[in-house]
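Every number here is computed from the coordinates shown, using simple stated rules; none is lab data. Just so it is clear, the structure is predicted and the values come from calculations on it, not from any experiment. Glycine also receives a Cβ, built like all others from the backbone with ideal geometry; neighbour counts cover every protein chain displayed.
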Amino acid sequence: MKFFTSFRKKSPWILHYNAGSCNGCDIEILAALGPKFDLERFGVINTGNPKQSDIFLVTGPVTYRSRERLVELYSQIPEPKVVIAVGSCTTTGGVFRGMYNVEDGIDQYIPVDVYVPGCASTPQLIIDAIVKALEILENKSKEIEKPFKLFGSVETIGNKLSRLNMAKRVKHD
Amino acid sequence: MLLTLILLPIAAAFLILFSSKYIQYFLSVAVLASGSYYSILLFTSAENVSFYLSSFFNTVIIAADIVLLLYFLYQGKKYNSLKVIVLAAVQLLLFLYIEHVSAGHSAQVVVDGITKFTIEYDTSSGHSAEIAVDELSRFMFLIINIVGGIIVLYSVRYMEDETATPRKKQLFIAAMFLFLSVMNTLVCANSLMLFFFLFEMTTLASYLLIAFRNDEVSRTNALRALWMNQIGGVVILLGVLVAVLGFGTVMFDTLLQHSGGVLFLSVALLSMAALVKGASIPFDGWLLGAMVAPTPVSAMLHSATMVKIAPYLILKLAPALGATLLGGVLSITGGLVFVTASYLALSRFVFKEILGYSTVALLGLMMALAAIGTKESMMLAMVLMGFHALSKALLFLAAGVLEKQYHLKSIEEMSALVHRAPKTVGYILLGFVSLTLPPFGLFMGKLFAITSVASLLRERPLLLIVLVSMIIGSALLVLLYFKVSSALLSNPSDTLSAEEERIPYGFSLPLILLSVLIVGTGAGFIVIQHDALLALLALPLIFVFVLPWIMRGMERYDRTEPYHCGEKEPFDTALIYYEPTIRVKQMIYWSFTLLFAAVAVVGALS
Amino acid sequence: MIWIWIAFAPILGGLVYGGERVLRARMQRRQGPPFLQPFYDMFKLLDKRTLIVHAPHALLAVAHFFALWFSVAAIFLGWNLLYIVFLHLFAQIVLILAGYSVRSAYSHLGANRELLMLVAYEPILILVAVGFYLVSGSFDIAQIVRGGGYLAQMPLLFIALLMIVPIKVKKSPFDVGEAHQEIVGGVEIEYSGMFYEFLYMARFLEYIFIYSFVFIFAGVSYALGAALVAGVFLLVNLVDNATARVHTMHMVKIIYAVAMSLAIANILWIVL
């Protein structure tokens, strides 16, 4: 409904995930949430829980081991959702680009809506990105968004839509 | 009618020895039906009946009593248990002495060569009947025959899966029937000697049925149950001795008409027997040990009927307790047992032991209420007794199903049980909820008990201890039951298929009967309160009935995995236990032993 | 009139919660979210796709909300205090069962903690009710608010109640049940969209529930009641900003050692 849709941008709750970052960007995100920059004035809550989040805030170049979690968390966020890649590593791989254990940015795996440059990114930029993301969020539909890689299946089991295997299970040796 | 209640189970017990499986079912259903019918009829007739026993019967009972005590002596010797031997010998001596004193019509107590007082033992004038049915006994008939009958019906099916010879199985069911008859007689015994005999009979039943599986553990636990209950027997005999010496009577009603003198000592000794039978701490060991017995035994003896002798006895003595110090001490003991047993139960992981401890706790609560001795609190004790019998029977029978169908005993093995056995878990949950939450009877009983005790606080400030322990104990029981349910309930997504659960009819019929009774009596109890607000307490329950309807509308929502921090492999939390340190535990046991002794001391002094 | 209050109780609670978020922000020298933020959140949650684990789990949250609403309604209608406490117990147990009904570690941990919280505050609430009964001669709130002088007669019980307010509104030092940094919200974790909204609104009702207990301490004087609630509200938020979370068992021990003794001492004082 149009009425409810207009409230999407007034209450963005974020899920912050570190996909192998050096913690530089994470610190900046925390700074943005803290008293000085006070992200909460936009209604932002750092929920730490994908099921109640609207904005997926990812830092880090996606190390090989973290890619499953990235996709799992992404598929547990209910639509509509936006993804923000915070920092150079997250957008392109940054200084780690081309390394054997790094996946060169999260857009290899999941669709990204806003890219934030910087190593480390700054709180001002992060706030800007979130405000930008809210515009995108408002125009999104509630259709299921699928990850690019490691997508398992969304199937209907007895009239119920099961997202249990949306993120593919990878066999480890 | 009374005779039917007593004789019918005996007849059934006799017939069971010669009957096949189907006739066993038939017999147990017949006894359940007629027992419930007659006990309801008796309950509604509301007339007090009494019977005199002929001297022949009295002699038979005396003879049987001696044989029984000699049997205990023999068992003690056979299994080399010093405690059993000593206690049996003490009982035998006391018993013979009392018979000697009371049969001699008069006895003189001579101290230092001077006749202190002479006792007239009146046999003719004003002699009251040995068997008297009053309101309390009629209420007990209801519990014994309905709940007990259902449990016997269950035990027929239970025995099918037991590894024992057919003869032994028949004996088991026969013993259950006999036990019904014993209990029926016990609750209308007015003669203390008859009461003692039946008390010892229940001890015997308990001993034999705990030892039914005849292995090392059962044997040890059975012997422990035996000697602990024998302490109860000894204190009863001492109480009777005091009554005979003091007032020259062995009848409950004549004893309670007296006042002053050694009345309190006698009453104190008798109520100590109640504490033993009710497995109050420090005697909780025997009830917990008794949990090795087959489940119907635990349900019948160790929760629904036999241990109810404890609050029954206190209720019987309550007219003498009233606002006295002795009543105060007893109710405080009961209240403290309620809290402590609930607390100790938090460290247990065997499902039946948890139920056992919570039985000890609730018996403590009932005794506390009974010992307060106002009309209202006594009524509430009775109400609690009834509802507790129903709920605990349901829980034990469900535990039996888990044991037989799924081979589960410890709650550690029960994780995600609701996925495998939704129906059984449903019964267990109903049992838990009916013990703790509105609008079920047991909860209502506790609610009124709080109100009732609070209204007495100004006159009897000591009752504050009872009130506080009642409140904390209830909270701890909530913690206990729902902590256990955490193991049962955790269910994966409902898009994963599970096997359908089938409970055999022999198991499900008693369970359904008990559930219906719990809901029905709970509703009935609310209706008779004539309190519209109270009925509204049941409103939240509507959700339970509406839930399945809404459930169909739930198909449009997406199903997803629980959150595991993005991991794909699920991980579970461990169950939580709270255990006191050994030092604290010892302290608890010592203080309760002192409290137990204090009952006697207070009785002697007042 | 009273029915309007009951109908708008969640909204009232939402306003309290919104005010609290602003107040806390100001205490930390932040600007804070808009005053109506809780309602924005609610509307947004309605617009989300809803993910559930299984149907009973989701529905128990709805049941929790309505049971809680019912107990708040009972307060407004001036019912028996004991009934109200136990209706609230029912609502809590529904929530705890919901927490246990999914195979999720955080949900279970949260439910365990909710249980321990229940064990901590339930006896105090009942003792407060008993205190009211002893002073006013009735358990009915309608009767209690006609009297007065409760603060003078039960000051220690009031302190005991103050100690359990942070447990109920999930504020430090007793916010163990939610503990976002530790167990990610506890029992709320598996909810989203529609069904999380019910839990979110249930939180508003908890505010109304526990502050009503503070309110009736004023008895007949509604102005004093409002002042008490405002004072307690400020104090609780101040303490929330100034303290760290304690361990769950410590919380139970603190409540039993301090609040319980205060309550018992007060009742003894009334009785003797």
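Computed values, structure above
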quantity: Using a Förster distance of 45 Å, the FRET efficiency for A:THR156-C:MET1 (Cβ separation, nearest 0.05); calculated: 0.35
quantity: For C:ASN80, residues with placed amide H under 5 Å, excluding near neighbours; calculated: C:ILE141
quantity: Radius, Kirkwood style, for region B:200-267 when every pair of distinct Cα atoms is counted (Å); calculated: 13.6
quantity: When the protein assembly as shown is reduced to its Cα atoms, the Kirkwood hydrodynamic radius in Å; calculated: 31.5
quantity: Three semi-axes of the equivalent ellipsoid, chain C, Cα gyration tensor, whole Å, largest first; calculated: 29, 20, 19
quantity: Using a Förster distance of 60 Å, the FRET efficiency for C:VAL271-C:ARG26 (Cβ separation, nearest 0.05); calculated: 0.85
quantity: Interatomic Cα distance distribution for region C:84-204, bins of 5 angstrom, percent; calculated: 2, 10, 18, 21, 16, 12, 9, 7, 4, 1
quantity: Top of C:ASP175, C:ASP47, C:ASP140 by mean-square fluctuation, Gaussian network on chain C, Cα under 10 Å; calculated: C:ASP47
quantity: A:CYS22, A:CYS119 arranged by Cβ crowding within 10 Å, fewest neighbours leading; calculated: A:CYS119, A:CYS22
quantity: Alpha carbon centroid spacing (whole Å) that separates region B:314-352 from region A:135-173; calculated: 58
quantity: Per-residue HN-Hα couplings for region B:68-78 [Karplus 6.51, -1.76, 1.60; θ = phi - 60°; Hz; x = Gly/Pro]; calculated: 4, 5, 5, 4, 4, 4, 5, 4, x, 5, 4
quantity: For chain B: relative contact order, % (alpha-carbon pairs under 8 angstrom, 6 or more apart); calculated: 14
quantity: Bins of 5 Å from zero: percent of alpha-carbon pairs in region A:2-144; calculated: 2, 11, 22, 24, 20, 13, 6, 2, 0, 0
quantity: Per-residue Cβ neighbour rank within 10 angstrom, fewest leading, B:LYS308, B:LYS375; calculated: B:LYS375, B:LYS308
quantity: Virtual spin-label span in nm between B:SER55 and B:LEU70, 7 Å along Cα→Cβ; calculated: 2.3
quantity: Shape category assigned to region C:26-70 from the gyration tensor of Cα positions, a/c cut at 1.5; calculated: prolate
quantity: For region A:2-144: relative contact order, % (alpha-carbon pairs under 8 angstrom, 6 or more apart); calculated: 28
quantity: Extension reserve of the B:LEU462-B:ALA89 stretch, reckoned as 0.36 nm per residue once the Cα distance is removed; calculated: 130.3 nm
quantity: Fraction of antiparallel bridges per DSSP, region A:2-144 only, in percent to nearest 5; calculated: 5
quantity: Too-long pairs where the Cα-Cα distance tops 28 Å, listed order kept, from A:LYS132/B:LYS568; B:LYS78/B:LYS404; A:LYS10/A:LYS142; calculated: A:LYS132/B:LYS568; B:LYS78/B:LYS404
quantity: Exposure rule at most 10 other beta-carbon atoms within 10 Å, DSSP loop trypsin sites (Lys or Arg not before Pro): chain A longest free segment; calculated: A:37-170
quantity: Inter-label distance for B:LYS21 and C:ASN241, nm, one decimal - labels placed 7 Å from Cα along Cα-to-Cβ; calculated: 7.5
quantity: Aspartates and glutamates with Cα under 14 Å of B:LYS316, excluding same-chain neighbours fewer than 8 positions away; calculated: B:ASP134, B:GLU135, B:ASP253
quantity: Scattering curve values for chain B, log₁₀ I(q)/I(0), Debye with Cα scatterers, q = 0.12, 0.13 Å⁻¹; calculated: -1.26, -1.49
quantity: Estimated inter-spin distance, C:SER261 and B:PHE14, nm [label 7 Å along Cα→Cβ]; calculated: 6.6
quantity: Under 23 Å from the Cα of B:LYS585 - lysines, other chains or at least 8 residues apart; calculated: B:LYS277, B:LYS352, B:LYS483, C:LYS253
quantity: Greater than 21 Å apart at Cα, pairs in A:LYS9/A:LYS160; A:LYS149/C:LYS48; B:LYS392/B:LYS423; calculated: A:LYS9/A:LYS160; A:LYS149/C:LYS48
quantity: Kirkwood hydrodynamic radius of region B:329-473, Cα pairs, Å; calculated: 15.9
quantity: Karplus (6.51, -1.76, 1.60) ³J(HN,Hα), θ = phi - 60°, over region B:190-201, in Hz, Gly and Pro reported as x; calculated: 9, 7, 5, 5, 4, 4, 4, 4, 6, 4, 5, 5
quantity: Eligible aspartates and glutamates near A:LYS51 by straight Cα distance, threshold 13 Å, same-chain separation 8 or greater; calculated: A:GLU72, A:GLU79, B:ASP558, B:GLU561, C:GLU188, C:GLU190, C:GLU197
quantity: Förster radius 30 Å - calculated FRET efficiency between A:LYS140 and B:CYS565 (Cβ-Cβ, nearest 0.05); calculated: 0.70
